[in-house]
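Report on the following structure.
The values are calculated or read from the model by the stated rules, or taken from the named source; none is laboratory data. Quantities reported herein were computed from a predicted structural model and do not represent experimental measurements. Please note: Cβ atoms are built from the backbone with ideal geometry, for glycine as well, and neighbour counts cover all protein chains shown. Keep in mind that these areas ignore ligands, DNA and RNA; they rest on the heavy atoms of the full protein, side chains included. Shrake-Rupley method; radii C 1.70, N 1.55, O 1.52, S 1.80 Å.
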Amino acid sequence: MNTNNRENAPYNVYKDGELEVNYDEVITKNKNQIKKEFQKYNYQYPSISLFIEKIKYYYSFDINKYKDTTVVLDQSLSPVIAIKDLPALYVDNLEGEVDGLTLLNYNQFIFYDSKTALLWLKKERPDLIIDLVKTFGFDKDDNILKFVFGNVDFKNKFALKELIFEEKDNLYTLRNHLVKKIRKVEYNNQIINSFSETIQGDFYYTLSDIIKEMADTPNDYKNNNYTTAFLLNELALSGITGYIDYFYENYPAYKESIINNGFYNLKMLREYTEKVYENNKSNLDNNDISIVNYIQDPDGYTNLRKEKSTKSEIVQQLKNGEEVEVLNTSDKWYLIKTREGKEGYVYYDRIKIK
């Protein structure tokens, strides 16, 4: 390949404090062993055109832009490395050593779509399949996405954030396409028909924690206002509107920005805000008693608690459909009053509005 006017590969040297790893040197040191491992299994190298094409497909990375023979595809201590003059991809084993079976199956899967190799990787090296999505944002194969989503704890804010955001230069950028894929693959494209419904899913409930973090640390996120609106729209699509109410009340500047930007063409968020939220707020301001709040919980009941904590004393158990009066929505724990006159706290997403 002609290397004139080509760039230097961006990630070939990894630095973290005093630690520095030069992957050109790592590959030079291990290349003969890598070749021997491939020869042991009679591996057939792909053509250079297929090599470049598949790397673009799986990693969204054009190695042809770079003059280096070795091109590291991601910035980490265990990266995927393209070796142009074999051509092959190098990934080490979990101990950082050359492992023939891992190399064989990884390359067979990437360049030849081997189902057998994919099964081996799912069993022996699931981290390599998960990294395709988490690290590189790969979203072109729903079967792979289903496997990866099944290995992510959607209740864990940090695990979820790692999945749907790309971090670069200490700035987080939302992968909108992966958020949409989660709805498609994990929740069968479910969208509510009315705001009295709720799609039960850990993913959407955890989004509220990420949205709050974004509002509290806005400089950490690229296109913060739009990203916030996009994720609020995902909550609206899922009927998790209690958090939208909470967010509007506690972060009014975001609400104004979202409205002033025409809701960024996010139709469900606009519909909820204009037709439900604003109407309900107006009615509450006018002491209109026509608003009816009721309990909805996937367990069929929820606990009314004395304080704002899941460890707090349970005052009463409230069944789904029971009507309650909401006294305060300034926190994620709503202060409510039951028909019997008992007061206590219920988590916001357990309250729906008729």
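Computed quantities for the displayed model
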item: Among residues of segment 174-229, those that are under 22 Å from TYR264 (Cβ atoms), aromatic (Phe, Trp, Tyr), open to solvent by 10 Å² or more (accessible area, probe 1.4 Å) and in a helix (DSSP H, G or I), counted; result: 1
item: Test result for GLU274, modelled with pLDDT of 90 or more and either part of a loop (DSSP other than H, G, I, E, B) or loosely packed, with under 14 Cβ neighbours inside 10 Å (or both); result: yes
item: Test for LYS140: is it under 26 Å from TYR11 (Cα atoms), open to solvent by 60 Å² or more (accessible area, probe 1.4 Å) and assigned to a loop (DSSP other than H, G, I, E, B); result: yes
item: One residue from ASN22, ASN42, ASN12, ASN30 being polar (S, T, N, Q) and farther than 28 Å from TYR112 by Cβ; result: ASN22
item: Residues of segment 205-226 satisfying the condition of being under 18 Å from GLU167 (Cβ atoms) and touching a Ser or Thr at 6+ places or on another chain (Cβ under 8 Å); result: ILE211, MET214, TYR221, LYS222, ASN223
item: Tally of residues being farther than 26 Å from TYR251 by Cβ, in contact with a Leu (Cβ under 9 Å, 6 or more places away or on another chain) and loosely packed, with under 15 Cβ neighbours inside 10 Å across segment 317-331; result: 1
item: Close pairs (8 angstrom Cβ cut-off, 6 or more residues apart or separate chains): without any contact (Cβ under 8 Å) to a residue 24 or more places away in the chain in segment 37-54, in a loop (DSSP other than H, G, I, E, B) and of a type outside the set (Gly, Ala, Ser) anywhere; result: ILE52/ASP62
item: Single condition LEU284 does not satisfy, out of (1) open to solvent by 100 Å² or more (accessible area, probe 1.4 Å); (2) of a type outside the set (Lys, Arg); (3) modelled with pLDDT of 80 or more; result: (3)
item: Strands (runs of 3 or more DSSP E) contained in segment 6-105 and holding at least 1 residues loosely packed, with under 12 Cβ neighbours inside 10 Å; result: 13-16, 19-22
item: Among the candidates GLU307, GLU323, residue that is closer than 21 Å to PHE195 by Cβ, in contact with a Phe, Trp or Tyr (Cβ under 9 Å, 6 or more places away or on another chain) and at pLDDT 85 or above; result: GLU323
item: Within segment 297-349, tally of residues that are β-branched (Val, Ile, Thr), outside any loop (DSSP other than H, G, I, E, B) and in contact (Cβ under 8 Å) with a residue 40 or more places away in the chain; result: 3
